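Trainee: Have a look at the structure that comes next, please.
The values are calculated or read from the model by the stated rules, or taken from the named source; none is laboratory data. Computed from a prediction, not measured in an experiment: that's the story for all the values here. Neighbour counts are summed over all protein chains in view; Cβ atoms, including those assigned to glycine, are modelled from backbone coordinates with ideal geometry.
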Amino acid sequence: MDRCVVLVDAGYLLGAAASLLAGEPARSRITVDHTALIQGLRERAEADTEQPLLRIYWFDGAPDRVPQPEHRRLRVMPRVTVRLGALTRSDGRWAQKGVDAAMHAELTELARNRACSDVVLVTGDGDLLPGLMSAKEHGVAVHLWAVQAADGDYNQSEDLVAEADERRVLDRAWITKAVRAKETGGVCAPPPVPRPEIAAILSAPLPEAALAASAERASEAQAAAARAGAGAGEAAPDPQPAPGHKGVPTPKDLASLRAPGPQAAQHTAQPPAPNATLRWSSDKGWLERGGPLGEPAETASLPTLAQLTSAEQRWADREEDITTVGGDPFEVGQVFARRWMERLPETVHLQKLSTMYPRVPHRIDGELLRYAARFGLLAHKDDQIDEHDRYAIRAGFWREIDVRAAAEHAPAGE
């Protein structure tokens with residue numbers, strides 16, 4: 001069959017590209033435009049083999065073989081098939097398992113079934129040598145591509161290089177069309193400039209009651225430690241004055257404000273102000289719940305995105321998430337807000353939400369964070385979302401809300 005197939009070992013291609021551009025093989029040191037990379041592979045393969053492309057097979061590893069965001073984007077691209085092996089961690093390093101075996105099986109099967117006349121291999125692993133030789137015996141021309149080595153030497157098995165019918169090198173100029181090194185942020189690099197939207201959320205006022213509760217808890221903890229030390233026969237440390245400003249109240253502080261215990265009741269004469277802002281969260285644990293499902297009355301009428309989305313729209317959203325949305329936290333917040341606003345049946349909901357800045361209503365905030373978690377970029381230890389990522393998600397959400405609200409109030413003709 002007069003057509004070509006490309007088999008890509010993603011670990012080799014991206015690892016070698018990282019070594020070339022960033023000085024080390026860690027893929028976390030580079031950013032990849034997968035659309036441009038796939039298009040470049042296709043054009044180069046068709047030019048080198050003088051045959052139309054049948055398919056690009058992308059072989060990579062993933063934890064528990066669960067597709068990562070880049071794999072989900074790749075597998076919906078035209079003429080691209082993703083094959084995943086396992087990704088395991090040993091001695092502090094990640095290693096692929098089963099990728100070479102899958103490439104070998106695909107290569108020999110294509111050749112045996114005469115599915116193509118030319119195969120392009122983008123790999124450096126000598127374990128593929130038997131598969132390469134088998135493909136040649138079935139009359140398939142094998143083209144071996146290498147990524148330019150950072151030290152100018154081979155980064156492929158010499159036996160593999162010697163056995164290939166044709167050899168090419170993907171040089172720095174070709175690689176940089178789709179791959180670039182991330183900025184390292186070393187001591188000589190200027191510090192990143194914070195987004196003003198995130199700064200606004202961070203600077204939201206904290207109520208005095210929360211700061212007092214936080215200071216009281218710190219004082220009680222010190223007193224308990226002193227009593228424990230004295231009970232064990234050790235000299236009790238001198239009590240230190242409680243700090244007057246702890247920054248951000250803890251969830252326990254907020255719980256004590258909602259349901260003060262005997263000690264807290266002596267010091268907390270006033271309940272928290274109903275318009276107080278909790279800067280890292282929405283209204284959970286802070287405002288008195290009055291509406292259905294325990295929600296404040298002013299937010300209970302706001303529809304969620306799930307309620308506003310039809311089955312057809314949900315399918316289209318998923319396609320957009322896979323093919324277009326990059327997964328940056330700020331961008332994720334913008335996409336969520338845009339969809340929510342476009343589907344609102346009444347603008348009164350948008351006006352109501354705009355008055356709540358910077359507090360995102362809890363029912364919408366939870367849905368927003370669950371949506372962000374789909375991208376697999378925000379997971380941290382203990383299954384928590386990084387605090388800065390939360391700020392960025394909400395900042396993107398509010399930026400989109402502000403743009404739409406400004407457009408709604410702009411005079412006609414502007």
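Trainee: Please go through region 377-399 and give me each residue that is modelled with pLDDT under 80 and in contact with a Lys or Arg (Cβ under 9 Å, 6 or more places away or on another chain), ordered by number.
Mentor: 378
Trainee: Can I ask one more? Can residue 80 be described as surrounded by 14 or more Cβ atoms within 10 Å (Cβ to Cβ), in contact (Cβ under 8 Å) with a residue 24 or more places away in the chain and over 16 Å from residue 11 (Cβ atoms)? Talk me through it step by step, then tell me what you get.
Mentor: On the way: surrounded by 14 or more Cβ atoms within 10 Å (Cβ to Cβ): yes; in contact (Cβ under 8 Å) with a residue 24 or more places away in the chain: yes; over 16 Å from residue 11 (Cβ atoms): yes.
So residue 80 passes the test.
Trainee: Looking only at residues that are in a loop (DSSP other than H, G, I, E, B) and touching a helix residue (DSSP H, G or I) at 6+ places or on another chain (Cβ under 7 Å) in region 316-336, which one is modelled with the highest pLDDT?
Mentor: Here is the first cut: in region 316-336, the ones in a loop (DSSP other than H, G, I, E, B) are 324-328.
The next check asks that each one be touching a helix residue (DSSP H, G or I) at 6+ places or on another chain (Cβ under 7 Å); those that pass are 325, 327.
Values: 325: 79, 327: 72.
Going through the qualifying residues, I end up with 325.
Trainee: Now for a separate question. Take region 160-186 and flag every residue that is in a helix (DSSP H, G or I) and exposed (fewer than 13 other Cβ atoms within 10 Å of the Cβ).
Mentor: 162, 173
Trainee: Being in contact (Cβ under 8 Å) with a residue 60 or more places away in the chain and surrounded by fewer than 17 Cβ atoms within 10 Å (Cβ to Cβ) narrows it down to one of 33, 64, so name that one. Break it down into steps so the answer makes sense when it comes.
Mentor: Numbers: 64 fails: in contact (Cβ under 8 Å) with a residue 60 or more places away in the chain.
The match here is 33.
Trainee: Let me ask something else about it. Check whether at least one residue in region 109-121 is free of Cβ contacts under 8 Å to residues at least 12 places away in the same chain and closer than 22 Å to residue 137 by Cβ, and report yes or no.
Mentor: So the first thing to find is which residues in region 109-121 are free of Cβ contacts under 8 Å to residues at least 12 places away in the same chain, and the list is 109, 113.
Pick out the ones that are also closer than 22 Å to residue 137 by Cβ and you get 109, 113.
Yes; the residues of region 109-121 include at least one that is free of Cβ contacts under 8 Å to residues at least 12 places away in the same chain and closer than 22 Å to residue 137 by Cβ.
Trainee: Same structure again: Would you be able to tell me the number of residues in region 59-69 that are outside any strand (DSSP E or B) and either of a type in the set (Lys, Arg) or more than 12 Å from residue 323 (Cβ to Cβ) (or both)? Don't jump to the end; show me each part of the working.
Mentor: Within region 59-69, the first condition is being outside any strand (DSSP E or B), and the residues that meet it are 63-69.
Adding the requirement that they be either of a type in the set (Lys, Arg) or more than 12 Å from residue 323 (Cβ to Cβ) (or both) leaves 63-68.
Counting residues in region 59-69 that are outside any strand (DSSP E or B) and either of a type in the set (Lys, Arg) or more than 12 Å from residue 323 (Cβ to Cβ) (or both) gives 6.
Trainee: Looking at region 86-98, can you tell me whether even one residue there is in a helix (DSSP H, G or I), modelled with pLDDT under 95 and of a type outside the set (Lys, Arg)?
Mentor: To start, the set of residues in region 86-98 that are in a helix (DSSP H, G or I) comprises none.
No: region 86-98 contains no residue that is in a helix (DSSP H, G or I), modelled with pLDDT under 95 and of a type outside the set (Lys, Arg).
Trainee: Let me spell it out: the conditions are (1) at pLDDT below 95; (2) surrounded by 22 or more Cβ atoms within 10 Å (Cβ to Cβ); (3) not in a helix (DSSP H, G or I), and residue 56 meets all of them except one. Which number is the exception?
Mentor: (1)
Trainee: In addition: Has region 142-155 got at least one residue that is touching a strand residue (DSSP E or B) at 6+ places or on another chain (Cβ under 6 Å), at pLDDT below 95 and surrounded by fewer than 20 Cβ atoms within 10 Å (Cβ to Cβ)?
Mentor: Yes; the residues of region 142-155 include at least one that is touching a strand residue (DSSP E or B) at 6+ places or on another chain (Cβ under 6 Å), at pLDDT below 95 and surrounded by fewer than 20 Cβ atoms within 10 Å (Cβ to Cβ).
Trainee: What pairs come out if I take residues in region 340-361 that are in contact (Cβ under 8 Å) with a residue 24 or more places away in the chain and pair them with residues that are of a type in the set (Lys, Arg) and in a helix (DSSP H, G or I) whose C-beta lies under 6 Å away, six or more apart or interchain?
Mentor: Going by the 6 Å Cβ cut-off, the qualifying pairs are 341/404; 360/394.
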